[in-house]
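Note sheet for the following structure.
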Amino acid sequence: MAQSLFPRFAATVRDLTDVEVSDPRTADKLALAHADAGGRTVSMVYAPFDHMNPTARIAIVGLTPGLQQARNALSAARAALRRGASVIDAAAEAKVFASFSGPMRANLVAMLDQIGVARHLELASTALLWSERADLVHFTSALRYPVFVDGENWSGQPDALRIPSMRDWLLTYLGEELRSLRGALLVPLGPKVSAMLDYLANQGIVDRSTILDGLPHPSGANAERIAYFLGQKPRDRLSAKTNPTRLDAARASLEAKLKAA
């Protein structure tokens, strides 16, 4: 089972002030690691994203929790601990509360259903992964704990695979998580996460055939690519920023992987 830091931090989280929850970047007691990236300061802070779902048949992998997700997770864990929840229950509650939500979730569900994930999991829709079939899904990030660059949310630059400390964070946390989910489908959200899963495949940690790479990132900024991927916008109405040939190839590859799974 992948290492969890929550038992070590539970008492700290329970006693956090409102100010510390609102900005965990400034709480020294939550600091995990620092790295230098060409003069830029990269920092990792603790927030309760440790909970594992060992029965998962699919793992959805984001880049790293942002500041708002960190606030949500810390707030939920603190509330759970203060009302007497166990460390295990508080960790699970915090993880669920901070998981993908809003329009991004709706876009992701539509694309997963489109390529056949719901059919593979024998579900009416992958929307059920956020409700009564949460037992089938594990939510995680390439860098499990929130990472900031010069105090701002890390958005993929600097490249984690080029910074030894960040590469170690990937191996130490996500690598160990995915070792315990052998056979699960892996859904990377965006090309940076795809590259990091590819690195783990090269290290023999995950099976490349389980990586469902090529989905447009489900954020609202990708609305046109998502609409084309879902067949909701014709090729002749696309802007120059969208490459339909690449999206067609990605969709065909994903559908083929699922049929072979």
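Derivation of every value follows stated rules applied to the coordinates shown; laboratory data play no part. Because the structure is a prediction, the values reported are computed rather than measured. Heads up, the Cβs are rebuilt from the backbone with ideal geometry, glycines too, and the neighbour counts pull from every protein chain shown.
At 0.36 nm per residue, and after removing the present C-alpha to C-alpha distance, how many nm does the segment from residue 83 to residue 131 gain when stretched out fully?
Values: separation 48, 0.36 × 48 = 17.28 nm, distance 2.37 nm.
So the chain would gain 14.9 nm between residue 83 and residue 131.
In Å and on Cα atoms, what radius of gyration and Dmax does segment 88-170 show?
Expressed in Å, the Cα Rg and Dmax of segment 88-170 come to 15.8, 44.
Sorting 120, 34, 138 on the 10 Å Cβ count, fewest up front, what's the list? Don't skip to the answer; put the middle values down first.
Values: 120 17, 34 10, 138 25.
In increasing order of surrounding Cβ atoms, one gets 34, 120, 138.
Any idea which of 46, 188, 74 is furthest toward the positive side of the dipole for the chain, if Lys and Arg beta-carbons carry +1 and Asp and Glu beta-carbons -1?
Checked the options; the winner is 188.
Modelling each spin label as a point 7 Å along the Cα-to-Cβ direction, I'd like the residue 232/residue 12 distance in nm, to one decimal.
Those two pseudo-labels are separated by 4.2 nm.
If you rank 148, 229 by fewest surrounding Cβ atoms within 10 Å, what's the result?
Going from sparsest to densest Cβ surroundings: 148, 229.
Arrange 58, 163 by Cβ neighbour counts within 10 Å, fewest through most, would you? Don't skip to the end; give the middle numbers.
Details: 58 22, 163 18.
Ranking 58, 163 by Cβ neighbours within 10 Å, fewest first, gives 163, 58.
Stokes-Einstein diffusion coefficient for segment 1-43 at 20 °C in a medium of 1.002 mPa s, Rh from the Kirkwood formula over Cα pairs: what value in µm²/s? Kindly include the intermediate steps, with their values, before the conclusion.
Values: Rh = 12.1 Å.
My calculation gives 177 µm²/s for D.
Rg(Cα) of segment 6-260 divided by 2.2 N^0.38 Å?
Numbers: Rg = 18.5 Å, N = 255, 2.2 N^0.38 = 18.1 Å.
Normalised Rg, Cα atoms only: 1.02.
Pull up all non-local amide H partners of residue 59: gap of 5 or more, or a different chain, and H-to-H distance under 5 Å with H placed in the peptide plane.
Placed amide hydrogens put 138, 185, 186, 187 under 5 Å from residue 59.
If contacts are Cα pairs under 8 angstrom and at least 6 residues apart, what is the relative contact order of the chain in percent?
On the way: 390 pairs, mean separation 61.1, N = 261.
Relative contact order, the chain: 23 percent.
Amide H of residue 233: which non-local residues (sequence gap of 5 or more, or other chain) have their own amide H closer than 5 Å, using H built in the peptide plane?
It is 228, by chain and number.
Less than 11 Å from a label point 7 Å out along the Cα-to-Cβ axis of residue 162: which backbone N atoms in segment 37-64 qualify, by residue?
Within reach of a label on residue 162: 38.
How much mean residue ellipticity at 222 nm does the chain get from its helices, if each DSSP H run of length 4 or more adds -39500 (n - 2.57) and you divide by all residues, to the nearest 500 deg cm²/dmol?
Working: 11 runs with 105 residues, N = 261.
Theoretical 222 nm ellipticity from helices: -11500 deg cm²/dmol.
Mind checking the dipole of segment 6-260: about its Cα centre, +1 per Lys or Arg Cβ, -1 per Asp or Glu Cβ, Debye to the nearest 20? Intermediate values should be presented prior to the final figure.
Working: 30 positive and 26 negative charges, 97 e Å.
Approximately 460 debye in magnitude.
Across 10 Å bins from the origin, how do the percents of Cα pairs in segment 43-146 run, short distances first?
15, 44, 31, 9, 0
Give the percent of DSSP beta bridges with both residues in segment 6-260 that are antiparallel, rounded to the nearest 5.
Working: 11 of 21 bridges.
Of those bridges, close to 50 percent are antiparallel.
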